1. Quick test of your reading of the structure: Asn269 fulfils all but one of (1) assigned to a strand (DSSP E or B); (2) touching a helix residue (DSSP H, G or I) at 6+ places or on another chain (Cβ under 9 Å). Name the failing condition by number.
2. When you go through (1) surrounded by fewer than 21 Cβ atoms within 10 Å (Cβ to Cβ); (2) more than 16 Å from the chain's Cα centre (by Cα) one by one for Ser124, which number turns out not to apply?
3. Determine which single condition Val228 fails, assuming it passes every other condition in (1) touching a residue at least 60 places away in the same chain (Cβ under 8 Å); (2) part of a loop (DSSP other than H, G, I, E, B); (3) surrounded by fewer than 16 Cβ atoms within 10 Å (Cβ to Cβ).
4. Considering only region 83-111, state which residues are in a loop (DSSP other than H, G, I, E, B), crowded, with 17+ Cβ neighbours inside 10 Å and either aromatic (Phe, Trp, Tyr) or on the phi < 0 side of the Ramachandran plot (or both).
5. Inside region 283-306, can you point out the residues that are of a type outside the set (A, V, I, L, M) and either in a helix (DSSP H, G or I) or under 25 Å from Val166 (Cβ atoms) (or both)?
6. Would you pick out the residues in region 64-82 that are small (Gly, Ala, Ser) and either at pLDDT below 95 or part of a helix (DSSP H, G or I) (or both)?
7. Does Ala130 qualify as being assigned to a loop (DSSP other than H, G, I, E, B) and either among the acidic types (Asp, Glu) or surrounded by fewer than 20 Cβ atoms within 10 Å (Cβ to Cβ) (or both)?
8. Would you point out the residue of region 74-105, among those that are hydroxyl-bearing (Ser, Thr, Tyr) and under 29 Å from the mean Cα position of the chain (by Cα), that is farthest from Thr234 (Cα to Cα)?
Amino acid sequence: MSGASGMIIIGAGECGVRAAFALREEGYGGPVTLIGAEPHLPYERPPLSKGAAAGAQKIIAGESRYDEAGITLRRATRVERIEANRRQVALSDGTTHAYDKLLIATGAQARRFPGMEAARTLRSLDDAEAILAAFRPGARLAVVGGGFIGLELAATARERHVDVTVIEAADRLMARIVPAALAAMFEARHRAEGVALLLSATVASVGEEGVVLADGRHVEADLVVAGVGAAPDTQLAEQAGLAVGDGILVDHRLQTADASIFAAGDCCNFPYRGGRVRLESWRCAQDQGTHAARAMLGADEAFSRTPWFWSDQYDLGLQVAGLPDPARPFIRRDLAGGALILFQLGDDGALLSASGAGPGNAVAKQISIAEKMIQRAVPVSAGQLADTGTNLKSLLKG
């Protein structure tokens, strides 16, 4: 065994990096080791589907910052197993490292359904570089999945004059999280940009010449990318005997049933408003990284930050605060320039969700206020939300 006991973080993405620095910000002086499987310096993942590759990636922190903070960053290193009974991890280089507390921040892996084995996926910088290298004018791209990543990639491809077909199994785009009225705005924009949208279409197989649909249609493509969601990376947790169910199960503190092991980010399933959720979100990864660090040092408060998502496609911006409930009515607030916000109220009369879309950052300020209203459970009326003459900030204060 090598190295003194301390804090070990598995996963050098947004969540893991944030946790490492948060430990130092909270005054922890012991060893902090951050272990990442990729050879690159930890980088932001959201820009990957928006055209950032090669030297254009956005690193989370320069190498000197890790040194200055006394964080040992192990790149191109895999954790082979967690030996929970010994409080140590075994690494791919044959060494073992003891820990006092361990954070699993392994994120999620791109999902492929049967028949899609030949499709590329977009989860890493290397993935992005390989895909973007094929974006030449006149090239043919088929994207399987009409969610955030697939549509952002489609927009990037069209801006580079690539012919694009998006294949979506649902009857509309972004059906999992985005209200139908907002999804329709993006559908219209993609069609206007020349994207062929095949809705209510399922894939039978992916081959060298493109995609064969379940109804027999053939979509010719030089490149096929599957953007059909991601599965939480729970293999290490399962092997260590931790409870798993659509993610690593954690409590309000992000602690597993093993008091010395925590999980955060895309790989964890946590309590939220009386239920359990797993979120694939840049903001959630950041927030949970900070929260997990505090919990590892003994803090007992519950993680309760309001979920927040965003997507940029062409010049349209989308933001969602809270978790929209398709069974509840939406309250519409029309803004200048064609921007739109849809609110939902909970049974208690407090704001439950706010979803907005429009040119650029047209909805950013109001969604930011709405996020705070959700967090503070501010009671509001449907009439106040619909009336554009009502200043949301005044509702937050009052």
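1. Status for Asn269: all satisfied but (2).
2. (2)
3. Every condition holds for Val228 apart from (3).
4. Tyr99, Ala105, Thr106
5. Once the filter is applied, which keeps residues that are of a type outside the set (A, V, I, L, M) and either in a helix (DSSP H, G or I) or under 25 Å from Val166 (Cβ atoms) (or both), region 283-306 yields Arg283, Cys284, Gln286, Asp287, Gln288, Gly289, Thr290, His291, Arg294.
6. Selection gives Ser64, Ala69.
7. No.
8. Tyr99
The values are calculated or read from the model by the stated rules, or taken from the named source; none is laboratory data. Being a predicted model, the structure only gives us computed values, none of them experimental. With ideal geometry, Cβ positions are generated from the backbone for all residues, glycine too; neighbour counts draw on all protein chains shown.
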